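The block underneath contains the structure these notes are about, expressed in structure tokens.
The values are calculated or read from the model by the stated rules, or taken from the named source; none is laboratory data. Nothing here was measured: the structure is a model prediction, and the numbers come from that model. When we count neighbours, we look across all protein chains shown, and the Cβ atoms used for this are built from the backbone with ideal geometry, even at glycine. What goes into the accessible areas is simple: the full protein's heavy atoms, side chains included, and nothing from ligands, DNA or RNA. Shrake-Rupley method; radii C 1.70, N 1.55, O 1.52, S 1.80 Å.
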Amino acid sequence: LAAMRLITPEISWHETTPIYSCDIQQTLNTDSNGANGWYRLATGGRDNRVQLWKLPAAGDAVVEFLSSLRRHEKPVNVVRFSPDQRLLASGSDDATVLLWARQEVQPELPAPSAADEDDLVCKETWTVWRALRAHLEDVYDLGWMPDSMGLVSGSVDRSIVRWNLAKEQQRTIVREHAHFVQGIACDPLGRLVATQSSDRTVRVYGCSARAVVIAKCVRNTEQQQQQQQQSNNYRLFADDSWKSFFRRLSFSPDGKVLAAPAGLHWNDNYCVHLFGRAKLDKPFASLVTGQSAPVAVRFCQRRFALAYHPQLELGRRRIQQDLVKLPYRWVFAVVLESGVLLCDTQHPFPIGALRNLHYQALNDAAWSADGSQLVLASTDGYCSIVRFGEGELGQPFAEPRRRIWTLRRLHWRLRRRRLQRRSRRQSRLRRRRPPRQLLPSPPLPLLRPQPHLATR
């Protein structure tokens, strides 16, 4: 990847404390003059704060401070923007989930005093719209429903809480896991919720109108069960001796693929298991990451066209190696403890890798809306920005052109269908009708000449 750039701004993100989560708002903002576009970046760390930053969409990656949200009493483990981009949810070790909303009318900024020289001046004002309290211990991960009116959170107390924001007091609590819930993924279609725990299971729940009903529980496949009988230490996922606090699984934006980290391969390597939506009981593929443990998986929201490799062509027949039979491909980032792997749903191998980016382990990642930037959050207190050149990850997927039917064309199409239907009906009737039998005709009578008509 020649055009890829890695930038690590040396700024005080969270006062050199670990950064546990990051997320990018999928709305492109512009300055007052409308010239420069930028994204809003949210980070959460051990300093009990949620920091908001201004991330340029192009040009130099000069990150500017926007606001600091201080209502949590303990470290912030996860931050996520809602699908409608109006709310920001944050989960903390204080067992609460706070929903933040930005004030449209910003107050005038006061001049900084001598006592606040070390504090940055907030350029935006965010207030707590609602505080959600139902967990008993630390909240590790959360996910938004596609309508932005539902929220699912997982905690160390082994519980999963589904919040209905349309009604303030309506919630559903499920306690199915036997250990910490470290990952939450909501289906983009709004029908499923996937959770991953340190009890070596991934549970997929079906979201009904009134409750959360369990649909699938992935433990280990038949092949892994046979190997487990031979050696009693083989499972589909890693156990509770996992080094990281998080196992952040993710759905693809179309909801057809579920990627779960912290997987174990049969040759004692770590991997990411890929599950199909139609068959969630066992993975259809596993992306091996070697001895580097995968912590999180984040999908890019942009679709790319299928890549064609001339070296894979054998004669006139092209070798098919697509993992998922889709007319397009999704690119996703596999966050490892020591780097990042760039993968897609077409190839069974990574298409890019970044190693030894930080001094300590990575915790989370976030994609920009156009797929040109990837932000990584690390335990060493810094965030790295990976920028991709135009067409580096692939060409954007072009929707197939749909034929626009005019009234006249539609009329002739209906008429042609009617005639075809009539001809098929007549042909069936001819086949069913018995053949006609031809009877012999009677002999003609002999004519005798008449005497008065005889010629002279």
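Using a probe of 1.4 angstrom and keeping all protein chains present, the accessible surface of segment 126-177 works out to 46 square angstrom per residue. Per-residue 3J(HN,Hα) values for segment 419-431, derived from phi via the Karplus relation 6.51 cos²θ - 1.76 cosθ + 1.60 with θ = phi - 60°, read 5, 5, 5, 5, 5, 5, 5, 5, 5, 5, 5, 5, 5 Hz in sequence order (x marks Gly and Pro).
Placing dummy labels 7 Å off each Cα toward the beta-carbon, the span from Glu73 to Tyr359 is 3.3 nm.
Cross-link check: pairs Lys74/Lys256; Lys256/Lys282; Lys54/Lys167; Lys74/Lys123 evaluated at a Cα-Cα cut-off of 26 Å; pairs beyond the cut-off: Lys74/Lys256; Lys54/Lys167. Of the solvent-accessible surface of segment 1-61, computed with a 1.4 Å probe and all protein chains present, 45% belongs to carbon and sulfur. Ranked by the mean number of other Cβ atoms within 10 Å per residue, highest first, peptides 285-291, 159-165 order as 159-165, 285-291. At a probe radius of 1.4 angstrom, the accessible area of segment 329-371 per residue rounds to 30 square angstrom. Its alpha carbons give segment 1-69 an Rg and a Dmax of 13.1, 39 Å. Amide H contacts of Lys74 (H built 1.01 Å from N, in plane; Pro and chain starts excluded): Asp93, Asp94 sit under 5 Å, all sequence-distant by 5 or more or on other chains.
Ignoring ligands, DNA and RNA, what percent of the 1.4 Å accessible area of segment 119-183 is carbon and sulfur?
46 percent
With each label modelled as a point 7 angstrom along the Cα→C-beta vector, the Arg418-Trp129 pair spans 5.3 nm.
On average, how much accessible surface per residue is there in segment 4-61, in Å², for a 1.4 Å probe, leaving out ligands, DNA and RNA?
Values: 2470 Å² over 58 residues.
About 43 Å² of surface per residue is accessible.
The largest-to-smallest principal axis extents of the Cα set in segment 52-108 are 39, 26, 25 Å. At q = 0.30 Å⁻¹, what is the base-10 log of I(q)/I(0) for segment 244-304 according to the Debye formula with one equal point scatterer per Cα and no solvent? Please give it to two decimals. So the normalised log intensities work out to -1.25.
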